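The values are calculated or read from the model by the stated rules, or taken from the named source; none is laboratory data. It should be emphasised that the depicted structure is a prediction, and the values quoted were computed from it without experimental measurement. No Cβ is skipped: glycine too gets one built from the backbone with ideal geometry, and neighbour counts run over all protein chains shown. These area figures cover heavy atoms from the full protein model, side chains too; ligands, DNA and RNA do not enter into them. Shrake-Rupley method; radii C 1.70, N 1.55, O 1.52, S 1.80 Å.
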Amino acid sequence: MKVDDFDFDLPRDLIAERPAEPRGSARMLHVTHDGMADLKVADLARRLKPGDVMVFNDTRVIPARLVGKRGLAGIEVTLHQRTGLDSWKAFARPAKKLRPGDRVDFAEGFTVEVTEKGEAGEVTLRFDRAGEDLLAALERFGRMPLPPYIRKGEADERDRADYQTVFATQAGAVAAPTAGLHFTPELLAELDARGIGRVTVTLHVGAGTFLPVKVDDTADHRMHSEIGVISPEAAAAINAAKAKGGRVVAVGTTALRLLESATDPLGTLHPFDDSTAIFITPGYRFRLVDVLMTNFHLPRSTLFMLVAAFRGLDRMQAAYTHAKESGYRFYSYGDSCLLERAE
């Protein structure tokens, strides 16, 4: 399909700079098979059914943006995929100043070596420490990797809490699974009381999710891969709920992409511990997920293409037009929509 098919105009003042307070007060547009309803995220439990199972991404965002120097030259890197205990792929600015073998100093005694240089500003870095020691250094010297449309990507201390879900436990993402930002302990307790199941999976979201689609046709776009894990226990719980007639409700496009990557053509979900570069566009046949809770996405983005595949391009264009006219807040810190899969 032509990428232009997924374009739309969005006024700058509809892009959320901060999340709703409290989190559950965000708006939610429920897009069903026969219409739309303007709700609040706090209404979610009443829109789901006992026996449904919600699938959350429990990845934790790390402060993955680092500023340093190669000699006298300033360098900024944003980590996007871990390749080893001490190594990451990253996007560098300005990448033209870097060559394999170069050293970048981020702080006294905290350095990396450039081991590879790829395309479009991508480099591979080997740090001077590994594992938990590396994560500790990132917490100390790194910045939260806000997407560029929020305050030009300039995070502050408040974002260390705001840009993290309440169930974030597995460190490794460099972008938040933003649909999960709306949840509070109170809303989770209400879901439990209604008999709606909860399962966590892990997809470490990469900064590639923010890269613009620069080709004219979706068939020519290359997705960056991301690392995901579905435990045997999680897969069994989701399959059991589905077998009993419950719906699988993916909280976020990240959870959906991981679930669809690990589901066979007969609709059975399998344990997963691998990378995925699944790219979902209209025409894709969904194998597992019945309902998707997600935020409002960028025009011409792979995420808007995904929701168009899930609910239908015409319906999503109408939903986004309604959201703009009704003053919904867009993107990572914005409002939510609840989508029922097109038949």
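Residues in the range 1-121 average 49 Å² of solvent-accessible surface per residue, probe 1.4 Å, ligands and nucleic acids excluded. Can you find, among GLY71, ALA240, MET36, the residue farthest towards the positive end of the dipole of the chain? Put +1 on the C-beta of Lys and Arg, -1 on that of Asp and Glu. In the chain, that residue is GLY71.
Counting charges near GLU340 (Lys, Arg +1; Asp, Glu -1) among other residues having Cβ under 12 Å from its Cβ returns a value of +2. Only DSSP H runs of four or more residues enter the estimate; each adds -39500 (n - 2.57), and after division by the residues of the chain the mean residue ellipticity at 222 nm equals -6000 deg cm²/dmol.
Could you grab the relative contact order for the range 211-343? Cα pairs under 8 Å, six or more apart, rounded to a whole percent.
26 percent
Across the range 2-43, the relative contact order, built from alpha-carbon pairs under 8 Å that are at least six residues apart, equals 28 percent. When the surface is traced with a 1.4 Å probe over the full set of protein chains, HIS224 keeps roughly 40 Å² accessible. Quick one: how many lysine pairs does the chain have with C-alpha atoms less than 23 Å apart and a gap of 8 or more or different chains? Give me the count, please. Pairs that pass both the separation and distance tests number 22. Annotation: amide H-H contacts under 5 Å for LEU146 (H modelled 1.01 Å from N, sequence separation of 5 or more, or interchain): ALA155. Per residue, the accessible area of the range 157-243 comes to 43 Å², computed with a 1.4 Å probe over protein heavy atoms only. For the chain, the relative contact order is 24 percent, taking Cα pairs closer than 8 Å that sit 6 or more residues apart in sequence and dividing their mean separation by the residue count.
Think of each Lys and Arg Cβ as +1 and each Asp and Glu Cβ as -1; about the Cα centre, that makes the dipole of the chain roughly 200 debye.
Computed over protein heavy atoms with a 1.4 Å probe, the carbon and sulfur contribution to the accessible area of the range 1-95 reaches 52%.
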